[in-house]
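Chemist: Quick one: the structure is below, and I'll ask about it shortly.
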Amino acid sequence: MDVKKSQLNKIFIDYTFDIKKFVHWLQKNKIKILAIQLPVGLRLQSLRLVEALHEELNISVILLTDPCFGACDIPMNKMKQLAVDGIAHFGHSEIPSCPKGDIPVKFLELKTRVDPLLLLKKTKHIKELKNVFSPGKKIGLLANIQFIDYLEQMKDYLENKGFNVIIGKGDSRIKHNGQILGCNFSTAQSIANQVSGYLFIGDGRFHPLGVSLSTKKPVLAFNPFNDNLHNIKKFKEKILRQRLGAIAKAKEFKSFGIIVSTKPGQNRMDYAKKIEDKLIRHGYQSTILVMENINPEVLDYLPFNGYINTACPRLTIDDYLLYKKTLLSPIELEIILGVRSWEQYQFDEIIS
Ligand code: SF4
C-alpha cells in the first residue's frame, strides 16, 4: 500500500494523524477485525474511514458508538467478547498508567492543521501577554494534545520576544511534556513554584480553568480555532460561586450516592470505599453506584439527595447544570464534612 496515495489522507479535513505508523501497526499485528473509537465530532467521517480500511487493507471495521471523551475509556473487556484483533482510538494520546489488556490498542493522536504560532504572533496577543506577565517573570506553557507538537516552537518564539518560558512534565498519566488532561494538571504543578502563571494553547475553557484551580496562578487561554486569547479569571470566579452554592445546598442533604465509573482509566473504587466509610461515620446514608455512562436520566431518578463523583472530574463542573440533583467532588464533600475549609478548595484530579 502506498501511504502517500492512500484515501486515509483525506478522511479528516481539520486534523492529521500518523498514517504510516497506523498502517505499520495494523500489518504488524495482522489486524483483520478492527474496533474504532472516534470523537463524537468526527463520526460523520467514519464511513470514509471504514471504506478506506476495507478497500486498501482488507480490514473489517466495527465502529464503537458509545460516548467516549478520552483515552481513559478503552472497552477492553467488551472487545474481548467480540473477538476483535485490535482497537484504534482516534483523538487522544495514550494514558501511560491506564491498565492494559490483551488486545493491541493504537492511539492515533489527532493534530490540528491550524498553526497556533502564526496566530499568536499578532501584536494584540503579545501585548496582552505582556500585560499579564511582566518581563523577567517565568511563564509555564501548556497545551492539549491537538497543539502539543507546536510547544517547543512557541517557547522559542516567546523567548525571542523577551518572555522566560518553561514546559513542565506530568506524572505517569501524562504522555507528553507540556500536556494537560481535564483530570490531571500535574504538568502545571511540576513547575508551579517556578512560574508566575501559565499560557494554555487549546480550545475550551475547562482545561485552563483546571490549571487555575489546581495551581491558584493566573492562566491565559489561547484558542487558535477562534484566535481568542483571554484571562480565565472571571470564568474561574463564576465557577467558584457555583461550587460554593452547590456545597451550601448539600449541607442539608441526608444521603449521597458515590459514583464509580467502570471505564478503566476513571475507576477509583478504593477512593469511593474510603468516601463511603467517611460518610457513614458522619451519619449519612450512602451507597456506591457503579456505572459506565453517567447521566441525568439515571442519577436524577435514584433516591439520593446528591452524589459524590469519583469518575471523570469534568462531569461535576462541566455538566453540573444538566442535573436536577447535585453532583459534588470528593474535595467538596470534605468541605461539607468540615475536614477542609473553603479556602483550601482544590480541583479534584485523578493522579496516577
Ligand atoms: S477522566 Fe475525563 S478528563 Fe480524564 S482523560 Fe478521561 S474523559 Fe478526559
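Chemist: Cβ-Cβ distance below 7 Å, separation of 6 or more or different chains: which pairs start in region 287-303 with a residue that is over 22 Å from Ile74 (Cα atoms) and end on one that is among the hydroxyl-bearing types (Ser, Thr, Tyr)?
Modeler: Pro296/Tyr323; Leu299/Tyr307; Leu299/Tyr323; Asp300/Tyr323
Chemist: Suppose the filter is within 16 Å of the ligand (Cβ to nearest atom) and acidic (Asp, Glu); does Glu343 pass it?
Modeler: In short, no.
Chemist: Further, regarding this structure: Just checking, how many residues over region 176-225 are part of a strand (DSSP E or B), open to solvent by 20 Å² or more (accessible area, probe 1.4 Å) and over 17 Å from Gln346 (Cα atoms)?
Modeler: Within region 176-225, residues that are part of a strand (DSSP E or B), open to solvent by 20 Å² or more (accessible area, probe 1.4 Å) and over 17 Å from Gln346 (Cα atoms) number 1.
Yes/no per residue for (1) at positive phi; (2) within 14 Å of the ligand (Cβ to nearest atom); (3) open to solvent by less than 80 Å² (accessible area, probe 1.4 Å):
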{"position": "Leu240", "(1), (2), (3)": "no, no, yes"}
{"position": "Ile247", "(1), (2), (3)": "no, no, yes"}
{"position": "Ile259", "(1), (2), (3)": "no, yes, yes"}
{"position": "Tyr271", "(1), (2), (3)": "no, yes, yes"}
{"position": "Glu276", "(1), (2), (3)": "no, no, yes"}
{"position": "His282", "(1), (2), (3)": "no, no, no"}
{"position": "Ser286", "(1), (2), (3)": "no, no, yes"}
{"position": "Asp319", "(1), (2), (3)": "no, yes, yes"}
{"position": "Leu337", "(1), (2), (3)": "no, no, yes"}
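Chemist: Search region 263-278 for residues that are closer than 20 Å to Asn184 by Cα and pair each with any residue that is more than 13 Å from the ligand (Cβ to nearest atom) and open to solvent by 60 Å² or more (accessible area, probe 1.4 Å) when their beta-carbon atoms are under 6 Å apart and the residues are at least 6 apart or on different chains.
Modeler: Listed by first residue and then by second, the contacts come to Pro264/Pro99.
Chemist: Does region 219-229 contain at least one residue that is closer than 24 Å to Glu343 by Cα, free of Cβ contacts under 8 Å to residues at least 60 places away in the same chain and of a type outside the set (A, V, I, L, M, F, W, C)?
Modeler: Checking region 219-229: not a single residue is closer than 24 Å to Glu343 by Cα, free of Cβ contacts under 8 Å to residues at least 60 places away in the same chain and of a type outside the set (A, V, I, L, M, F, W, C).
Chemist: Among the residues of region 160-171, is there at least one that is without any contact (Cβ under 8 Å) to a residue 12 or more places away in the chain and part of a helix (DSSP H, G or I)?
Modeler: yes
The values are calculated or read from the model by the stated rules, or taken from the named source; none is laboratory data. Please read these numbers as outputs of a predicted model, since none were measured by experiment. Virtual Cβ from ideal backbone geometry, glycine too; neighbours counted across all protein chains shown. The area values use the complete protein model at the heavy-atom level, side chains included, leaving out ligands, DNA and RNA. Shrake-Rupley method; radii C 1.70, N 1.55, O 1.52, S 1.80 Å.
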